[in-house]
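What follows is a single structure, written as structure tokens, with notes after it.
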Amino acid sequence: MLKFQLRILHRRTTNGGMDTHSEWLTVRTTTEAVAQAEERISQVLAGQAGIGMLSDERDTLIWSVRHDLPKPTDLG
């Protein structure tokens, strides 16, 4: 079995700032991890804007998604 860490960031609905949600997923494949991550992000954000990031046990970014956020602008 493989372990992946899912991190979800979104703005607080009150008092500003950011909320962070983190959990470990134990799955058979990376594809299964991404599918579970997509489902959990949808549940946790529940219509809010935010970012989801999936990392392996070595903290290597495997997959990420921006949900209802504007496209980043060129900072250069």
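The values are calculated or read from the model by the stated rules, or taken from the named source; none is laboratory data. Keep in mind it's a predicted model, so treat the numbers as computed, not measured. Glycine also receives a Cβ, built like all others from the backbone with ideal geometry; neighbour counts cover every protein chain displayed.
Here's the yes/no breakdown for (1) in contact with a Gly (Cβ under 8 Å, 6 or more places away or on another chain); (2) part of a strand (DSSP E or B); (3) in contact (Cβ under 8 Å) with a residue 40 or more places away in the chain:
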site: Thr13; (1), (2), (3): no, no, no
site: Leu25; (1), (2), (3): no, yes, no
site: Thr31; (1), (2), (3): no, no, no
site: Ile41; (1), (2), (3): yes, no, no
site: Ile51; (1), (2), (3): no, yes, yes
site: Asp59; (1), (2), (3): no, no, yes
site: Ile62; (1), (2), (3): no, yes, yes
site: Pro72; (1), (2), (3): no, no, no
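In the stretch 1-18, how many are at pLDDT 90 or above and surrounded by fewer than 10 Cβ atoms within 10 Å (Cβ to Cβ)?
Matching residues across the stretch 1-18 total 1.
Do you know which of the residues in the stretch 1-34 that are touching a helix residue (DSSP H, G or I) at 6+ places or on another chain (Cβ under 6 Å) and of a type in the set (A, V, I, L, M, F, W, C) is nearest to Gly52 (Cα to Cα)?
That would be Ile8.
Of the conditions (1) surrounded by fewer than 16 Cβ atoms within 10 Å (Cβ to Cβ); (2) at pLDDT 95 or above, Ser42 clears all except one; give me its number.
Only one criterion is unmet by Ser42, namely (2).
Condition check ((1) surrounded by 14 or more Cβ atoms within 10 Å (Cβ to Cβ); (2) over 17 Å from Leu2 (Cβ atoms); (3) at pLDDT 95 or above; (4) among the basic types (Lys, Arg)) across all residues:
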| residue | (1), (2), (3), (4) |
| --- | --- |
| Thr20 | no, yes, no, no |
| Trp24 | no, no, yes, no |
| Ala33 | yes, no, yes, no |
| Glu38 | yes, no, yes, no |
| Gly47 | no, yes, no, no |
| Met53 | yes, no, yes, no |
| Asp56 | yes, no, yes, no |
| Leu69 | no, yes, no, no |
| Gly76 | no, yes, no, no |
